Amino acid sequence: MVGQVGENISFDENYRIRVLDVDKYNTTKTLQEECGNFSQKIQQLDGMVKTYLEAVDQQAKQIELEKLKAVGLRNAVATLAEDRKRKEKEVERLLADKQQQLERLLAEEQSLLRVKHEQDMLITKVTDSSC
Amino acid sequence: MRLQLTQPRVQVHKELASAVGWSISNELFSTSDDHTIHSWKASGEHSGQVCSLDAYSTDLHWYPCASRRQQGGATDVLAVSCTDGTFKILSKSGRVEKSVDAHRGAVICLRWNYEGTALATAGEDGLVKASTSPVSWKAHNGLVLRADWSPVNDMIVSGGEDCRYKVWDSFGRLLFQSAPLDHHVTAVAWCPGADLFAVGSLNHLQLCDRSGWAYSKESLQTGSILSLSWTQDGTQVAGCGGNGQLVFGRLADIALEWGHMKATLKDDKHIRVHNLVNETVDELDFRDSVVKMALGFEHLVVATSTQCCIYSTATWNTPHILDLKDTVSLILQCQRNFLTVDNFSGIQICTYEGRQVCNPKFQGLRTEFLSKQLLSLSNDTLAIVDKTDGKTIRFFDTAQGKPSGDVLVHSMDIAEVALSQNGIAPDRKVVFVDRNRDLYVRRVSKGGALVKLAPMVESAVWHDTAEMLATMTDQKLVIWYYVNVVFVDRDLIASTCSTQQEGEFGKGAVIQGFSGSRCTLRRSDGAEVAAGVPPYPLMLHQLVAQNQWDRAVRLCRFVKDGLLWACLAAMAVDAAELNTAEVAFAACEEVDKLQQVLAIKAIPSQEGRSAELALVRRCPQEAEAILLQAGLTYRAIQMNIQLFRWERALDLALKHKTHVDTVLLHRQRHLAASRRTENDPRFLQYAQEVPVDAAAVELKEQQEVQAEAQRPGARRYV
């Protein structure tokens, strides 16, 4: 009985009494090591997933931005026609305005030319009869 | 002319800006749907928030204050209308002095009356409070969005959802209708002088002449312009838009022309003067902003906000400078002097040397209602239409500023008045156009008769050196070459005026000026056109003014024109120049008048001739007075007999105890010729008392004629 007890009892490196069986102890130890390795690997994986996710998010954001830009551009293109129409109208109005001013000036010029013509006639008349 | 626009860079109002209003000291207040009122400087700089209200405000209007000088605590207030049915009176600092519950629903707009004694409000409940007798008419196809009335020319401008603006007179007659704009017309406002108005629409502001055509059109980024307001001096307009933005517009490029000079207001402190003959350009700079300017009679008069500078067109270096007390609203010029009108010192007449001559005044003078249509200046006389009844013209002499001549009271409102520019005070004539567009002429001096010259006259302008008048009558330009003919011989009126056949001026053309041998007109589409006037009448006027009758006759012979001969005939009769009159009447084939002139020439005495000339002018009273004063009793009696004024002839004969039988004899012959019997009791009585012997009477008459020829001082006409 004592011998059996004695068989199970051993000393470790620090000369402390160990009750657990050596084999068991060794298995446990390796298990512990492997567990440590595993968790480390899992952590590594986690980190990698995280960076991956971040990259994906960034990409998504960029895509979203580009999408918006595209929508904006599409809208701009759609309104461009209208805008052009508006601008055209504005230019047309400006043209009509200038045309009106031109007509006014033409009328003025014409009347002045008529007056000049009358005066020329008068001058010829006066000079002719004085000859 | 155009508007120089500035838009503040900062967006102050977060919401739609609903109304703007200028204070007398040229500070702009704007109110908005963000519940705030902000103030702005005239340059367009934002000066700060005045106050915030607890309701949406819809309109604001400053208390009307005619003059900077009358400005004070009590008058420095503005009224603001709110959507909660109240209107508030605010002080300049933004303190709410009073809040009045006026309407159920929102108060939409409000206005002070011109005196500032009453405030009219219009509410969403459909009520207008404190209004007077209304006249209504259908003005637009669609909602009328805004209207403005000018007290100066009694015209209304309105704008509506049919995208048009229209100009009306106060009786509801349409004067102008615009072509449709792109968008609804949301704001209209008369300039204080009523020469211009501004029209606002979506992103659009335009400046229009009072006759409706547009000087300039501007594109903006303000949204719909919801309110427009002019400064008191009429140089700046501000508008507020639907997006809360404000816009400031200053009048620029105002061009004036006179002879070969052209003055252009480039911006508020800078005038450029062109001399078109020697092609020189002068730049004039001013310390303060220019309010009004006038060019004419060899002088340029510029009124800035503090000074009046008088330049001679000969030299632009040394102006005469006058200090001004208030903002000038009008400058008028004539040959010798000019006048300025402001609301503090009234009408000031000054010489071109910068000396103030006088300050004409009368009870009820309202300078804020005066316009150049209602005021006319000549070298010796000033004519003002009294706006208290609108039918009276008052005359003042320009030397002392005292009333002169007869006050002219007409039966109808007077729309335009003009004084002749040539000659001396006794020759001064006034023409005016009344509300019915009839043209009348009168002498300014006392006892002048009023004569209607023409109907349907749109405008009338005197020539600047001669007694000629240009009128737009029934869309035609009519030149009256010698207006005095009205007072000389009315038969000659038709032959001394001519209608210009050439040149289409259309409806509503206004004469701008008449000088030299040219008349300038502004057509209703805004084109300034010139019309030539023959130069001969002007030369004739000059020759006659220098008493060179023989040269005048030679001129007429050279031109061979009936019109010129008729003018000369009338001038000669007026000046008692009988030989010239004889030639002229013979040339224009007026046989009866020729005979009359020959008969007058045969009269031996000077007084007899002038009496006969007075008869030609249709002034029998004057003729009789001349004869009686000269002691020519027989001639006076004979004149009355010839005019069939039997009673007067008999009275004179009895009074001077002579020629009673002559009167009776002529009366008997006249009755016998017309186959009637005597029924006048006085003549019956004297026919019994006085024996009538035909032979004796004829002998007496011959003796009288001989006696007249032998009077001392009696000379035959040569």
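Quick look at the values:
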quantity: Every residue from segment B:299-318 that is open to solvent by 40 Å² or more (accessible area, probe 1.4 Å) and of a type outside the set (S, T, N, Q); calculated: B:A314
quantity: Pairs, first away from chain A (no Cβ under 14 Å) in segment B:215-243, second open to solvent by less than 20 Å² (accessible area, probe 1.4 Å) and among the acidic types (D, E), C-beta under 8 Å, six or more apart; calculated: B:S227/B:D59
quantity: B:D182 within 22 Å of A:K85 (Cβ to Cβ) and outside any strand (DSSP E or B); calculated: yes
quantity: Qualifying residue in segment A:101-113 (condition: modelled with pLDDT under 95, open to solvent by 90 Å² or more (accessible area, probe 1.4 Å) and within 55 Å of the chain's Cα centre (by Cα)); calculated: yes
quantity: Filter result for the condition that a residue is modelled with pLDDT of 90 or more and not β-branched (V, I, T), over B:D326, B:D268, B:D233, B:D282; calculated: B:D282
quantity: For B:S420: the one exception among (1) free of Cβ contacts under 8 Å to residues at least 60 places away in the same chain; (2) crowded, with 19+ Cβ neighbours inside 10 Å; calculated: (1)
quantity: Subset of segment B:672-699 [open to solvent by 80 Å² or more (accessible area, probe 1.4 Å) and of a type in the set (D, E)]; calculated: B:E689, B:D693, B:E698
quantity: First in segment B:286-311 and over 21 Å from B:L196 (Cβ atoms) and outside any strand (DSSP E or B), second anywhere and charged (D, E, K, R) and open to solvent by 10 Å² or more (accessible area, probe 1.4 Å), Cβ under 8 Å, 6 or more apart; calculated: B:F286/B:K269; B:R287/B:K269; B:D288/B:K269; B:F297/B:D464; B:T306/B:R287; B:T306/B:D288; B:T306/B:D323
quantity: Restricting segment A:73-94 to residues that are of a type in the set (V, I, T) and open to solvent by 90 Å² or more (accessible area, probe 1.4 Å), the residue that is farthest from the other protein chains (Cβ to nearest Cβ); calculated: A:V77
quantity: Options B:R669, B:R716; residue that is open to solvent by 70 Å² or more (accessible area, probe 1.4 Å), closer than 19 Å to B:L613 by Cβ and among the charged types (D, E, K, R); calculated: B:R716
quantity: Which numbered condition B:E257 misses (of (1) within 14 Å of chain A (Cβ to nearest Cβ); (2) at pLDDT 90 or above); calculated: (2)
quantity: From the options A:A70, A:A107, residue that is farther than 30 Å from B:R523 by Cβ, assigned to a helix (DSSP H, G or I) and either among the aliphatic types (A, V, I, L, M) or within 14 Å of another protein chain (Cβ to nearest Cβ) (or both); calculated: A:A70
quantity: Complete set of residues in segment B:438-465 that are open to solvent by 30 Å² or more (accessible area, probe 1.4 Å), under 25 Å from B:T520 (Cβ atoms) and either touching a Lys or Arg at 6+ places or on another chain (Cβ under 9 Å) or part of a helix (DSSP H, G or I) (or both); calculated: B:Y440, B:P455, B:M456, B:E458
quantity: Residue, nearest to the other protein chains (Cβ to nearest Cβ), within segment B:205-214, restricted to residues that are open to solvent by less than 10 Å² (accessible area, probe 1.4 Å) and outside any loop (DSSP other than H, G, I, E, B); calculated: B:Q206
quantity: Flag if B:R435 is farther than 20 Å from B:I479 by Cα, modelled with pLDDT of 90 or more and open to solvent by 30 Å² or more (accessible area, probe 1.4 Å); calculated: no
quantity: Qualifying positions in segment A:110-129 - more than 8 Å from chain B (Cβ to nearest Cβ) and of a type in the set (V, I, T); calculated: A:I123, A:T124, A:V126, A:T127
quantity: Total residues in segment B:537-559, condition more than 9 Å from chain A (Cβ to nearest Cβ) and either under 21 Å from A:L112 (Cα atoms) or aromatic (F, W, Y) (or both); calculated: 3
quantity: Out of B:V167, B:V199, B:V247, sole residue that is aliphatic (A, V, I, L, M), under 21 Å from the mean Cα position of the chain (by Cα), part of a strand (DSSP E or B) and buried (at least 20 other Cβ atoms within 10 Å of the Cβ); calculated: B:V167
quantity: Checking B:S289 against (1) within 29 Å of the chain's Cα centre (by Cα); (2) open to solvent by 40 Å² or more (accessible area, probe 1.4 Å), the condition it does not meet; calculated: (2)
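The values are calculated or read from the model by the stated rules, or taken from the named source; none is laboratory data. Because the structure is a prediction, the values reported are computed rather than measured. Methodologically, a virtual Cβ is constructed for each residue, glycine included, from the backbone with ideal geometry; neighbour enumeration extends over all protein chains shown. The protein model used for the area step is the full one, side chains on, heavy atoms only, and it has no ligands, DNA or RNA in it. Shrake-Rupley method; radii C 1.70, N 1.55, O 1.52, S 1.80 Å.
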